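Read-outs throughout are calculated quantities, based only on the coordinates presented, and are distinct from any laboratory measurement. Fair warning: this is a prediction, and the values are worked out from it, not measured in the lab. Quick reminder, even Gly has a Cβ in these numbers, built from the backbone with ideal geometry, and neighbours come from all protein chains shown.
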């Protein structure tokens, strides 16, 4: 039974369903939470119960929602909503409602605030908790009445049905409906870009009790696992879906090593099938320390990228948030991962109650000290439903009610020791202080150990630019009014003596292929100065010979004895658009260089020529290989 657009009745069965991922997700989750696997699970479960189901990702679509409503003629629109999606989700629901379509929203955020969302006329139903079987039952009944896991409006009043029991047998779920994807998803912030990207969920929930985390309320503090055999079956399906190409798989589990026995068996199956996959997982430090031999086995079978919840170098913070780990565990966990050739990333929470500016500024150096390959610094955010939110709300400390600011990059509650504006600047400071040139080169060196080859200069610069562009775009969306201030803070923070110490020890030329460039420019002192309002903020000094880079150092201000000077005006910089890499670099060399001596013009031309050869050489060689074939 189909309905005309404009007619709405919760008593009619729903035969055409449109599932939507809004485009409003911002903040630290923006990098990893890309593929809407939750919607794909729902689509897979309801596919045989409806005439038609479609998934659209408004982050990537070229047309407005009205276009898809006209094309698909849905009876029911389901919208997944994170905290930062709040306004965009309501906007999409309003458009659907104006077309007479029943609206359902779900996800962590709606699960925590159903009453607030149902106060909006465009929202008909809120699906709380796991949505697969809730949506299937709703569709079959054609009404939310007596459907477990729903909140809805009836006669002007909000009705909350009983919670739906958690799905215990995750193997009973069909695999996500990847065949409904309209786009190819890629990871823009990694050197290994040749691998296509996908995601998988091997478990749900976490037994941890971190006060700032949504998992305890969403999954009731329980973790449930799929069987290794079921997981490997899906991985084989994913391989087929991507045509056998090399893959990078992000595992969504918040506690990947929650069942060591399950992961041990999975490693046996991965070894047996020899899949060309590299996995990225989220893991607890204590789980790594308790299972060093299993970590070795995991790394041997492609589970190579790890993100650990370090949270803080203060034991008081770890106790207060209920993390239940020690500083010694943090150090041991990173060492175990690094000893096995893994990427050891860590996340920190800044702005927890009681933290001072001086303490927060130590976080990047601590991250480097314990050996983290990568680090992210998020501002403490009291998501609704968490213990942190309840505590702060009870004490009247929450000062920001705009949910779109709950992105781990804005300050939303009152701190005793640090202002909100300064805390946001400190998040930028910590990020820039960690991601200095030595960290970027060390990350490449880790990749080099796995590949056995030097990284091409073109790939290194492209990777750095992609990170800068990502950070720029994220800052543009999140803090447009203070973006240049944050750029200046980042530039100041990047001046660090550790850069020179590291590059002297490692030798940049031993990691990155630079032979043609070094021959072309010979002995030089190259200075790249980041200036703000025509004043030098930070300069990168590169000392070269015809065969080596003796050192790179980052200093405040500017040197006077450089042989080549290149200036970048931060207040005129715009990284929001792409462009050809060589053209972009050439443009900076031509237009941003400052002549300081007569022979600098010739030296600059040699630099441009050397860069041109070094950046195009891999492409030319590849074309010659193909021609010879």
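Here the label points at residue 361 and residue 119, each 7 Å from Cα along the C-beta direction, are separated by 4.2 nm in the simple model.
For the chain, the longest principal axis of the alpha carbon atoms and the long axis of helix 228-241 meet at an angle near 70°. Annotation: the residues 551, 63, sorted from fewest to most other C-beta atoms within 10 Å of their own C-beta, follow the order 63, 551.
Treating each Cα of the chain as an identical point scatterer and summing with the Debye formula, the log10 of I(q)/I(0) at q = 0.07 Å⁻¹ comes to -0.49. Treating r as the C-beta distance of residue 222 and residue 523 and R0 as 41 Å, the FRET efficiency rounds to 0.05.
Applying 0.36 nm per residue to the separation of residue 506 and residue 49 and subtracting their alpha-carbon distance, the gain on full extension is 158.5 nm. When you count the other C-beta atoms within 10 angstrom of each residue and take the mean per peptide, 300-312, 512-524 line up highest first as 300-312, 512-524. Take every pair of alpha-carbon atoms less than 8 Å apart whose residues are at least six positions apart; their mean separation over the length of segment 16-160 yields a relative contact order of 24 percent. Of the beta bridges in the chain, as assigned by DSSP with both residues counted there, near 35 percent are antiparallel. Per the helix-only calculation at 222 nm, which mean residue ellipticity applies to the chain, given -39500 (n - 2.57) for every DSSP H run of n ≥ 4 and division by its residues, nearest 500 deg cm²/dmol? Result for the chain, helices only: -12000 deg cm²/dmol. Percent of C-alpha pairs per 5 Å bin in segment 233-300, short distances first: 4, 15, 26, 27, 17, 9, 3, 1.
In degrees from 0 to 90, rounded to the nearest 10, what is the angle of the helix 581-592 Cα long axis to the longest principal axis of the chain? For helix 581-592, the angle is close to 50 degrees. Only counting other Cβ atoms within 10 Å, I'd like 180, 372 sorted with the fewest neighbours first. Arranged by neighbour count, lowest to highest, 180, 372 become 180, 372. Here the alpha carbons of segment 166-235 define both size measures, Rg and Dmax, at 15.4, 39 Å.
Relative to the first principal axis of the alpha-carbon coordinates of the chain, what is the inclination of helix 327-339, with its axis defined by its Cα atoms, in degrees from 0 to 90 and to the nearest 10? Helix 327-339 and the main axis of the chain meet at about 70 degrees. Normalising the average separation of contacting C-alpha pairs (under 8 angstrom, six or more residues apart) by the number of residues puts the relative contact order of the chain at 9 percent. Given axes a ≥ b ≥ c from the Cα gyration tensor, I'd like to know whether segment 16-160 is rounded (a/c under 1.5), prolate (a/b larger than b/c) or oblate. Because its axes are fairly even, with a/c under 1.5, segment 16-160 counts as rounded. Label positions at residue 146 and residue 264, each projected 7 Å from the Cα along the C-beta direction, are separated by 4.8 nm.
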